[in-house]
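The values are calculated or read from the model by the stated rules, or taken from the named source; none is laboratory data. Please read all numbers here as calculations on a predicted model, not as lab measurements. Neighbour counts are summed over all protein chains in view; Cβ atoms, including those assigned to glycine, are modelled from backbone coordinates with ideal geometry. The area values use the complete protein model at the heavy-atom level, side chains included, leaving out ligands, DNA and RNA. Shrake-Rupley method; radii C 1.70, N 1.55, O 1.52, S 1.80 Å.
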Amino acid sequence: PIFEPAADAADAVPIGDEDENGRSQLVVQANRRYSRRDVLRQKDFADLTPEELGQIQVIIGDLVWRLGSRRTRRQRPGTGERIDFRRSLRRGMRQGGEILAWERRQPIQRPRPLVVLADVSGSMERYTRLLTHFLYSLSAGLHSEVEVFVFSTRLTRISRQLRSGEAVQALRAVSRAVPDWSGGTRIGAALRRFNFEWARRVLSRGAVVLLISDGWDRGEPELLAQEVARLQRSCHRLIWLNPLLGDPDYEPLTRGIAAALPYVDDFLPIHNLESLEQLARRLELVEPRPPLRRFSRVPATGARGAA
């Protein structure tokens, strides 16, 4: 687990009066430490103090990321359904020319590729700093299995910058590579460029896509819905991560996000450390089959119909 309460006298500091053994006060201090850490785990990223921000950055760097596996066409010796005739014949020849048992082969399992499309516009400014650390943690943990793009008024690929050394150097390289940081929001236009210029290159082999945005878009909702639907058809699973979902009173009522949600497989929060831990478990347990999708195509004249 990421957080563990102090369990012995070395981790706890006595406070106030103690009994003859000092045990009761040590337990109180251990519980207080656990409570502070648990509160930090559930605190919204937008409400963190500078000290808490530094603590969360360290914890995010220590998160372990694993991707659900996919079945490839390549085979290896194992216990699968397919018979390996060559190995069976070779073994039979060594045993006097008689095949006593059939050797079998099974598919090789590989981690699924992950593609991240992150909104760095002005409306996301409260979350951008920690989300950038999250992107670095993903890239460092998954290596070549992850491709990262950010967008505001334009789309920028930052996969190479995130792999350029330690966290500080990588994040500086990212800030230099993104010219429209904290600018306006054109989600539909950015997704359109990704779909036509990058999708075939990075969405092969059953990729999972994370779309990180609060949904505030200055473009046409029809364009956003059309490109989100196109993106969904190209990937194994489309997960929209919205930091505003951490607010219990939040409702996705903006025109753009309301039009796009029917074409999203999962709509999840990403506002605190607990939500990142839940995301890590979700990615590790991605189902081998794509989800059932009610909507598969958006007509060019609107965002509410389906072909």
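Determine if the range 250-258 includes at least one residue that is open to solvent by 40 Å² or more (accessible area, probe 1.4 Å) and under 20 Å from the mean Cα position of the chain (by Cα).
Scanning the range 250-258, I find no residue that is open to solvent by 40 Å² or more (accessible area, probe 1.4 Å) and under 20 Å from the mean Cα position of the chain (by Cα), so the answer is no.
Please determine, by comparing only the residues of the range 33-69 that are open to solvent by 40 Å² or more (accessible area, probe 1.4 Å) and modelled with pLDDT under 70, which one is nearest to L135 (Cα to Cα).
S69
What number of residues within the range 239-249 are buried (at least 24 other Cβ atoms within 10 Å of the Cβ) and in contact with a strand residue (DSSP E or B) (Cβ under 6 Å, 6 or more places away or on another chain)?
Looking only at that region, the number is 2.
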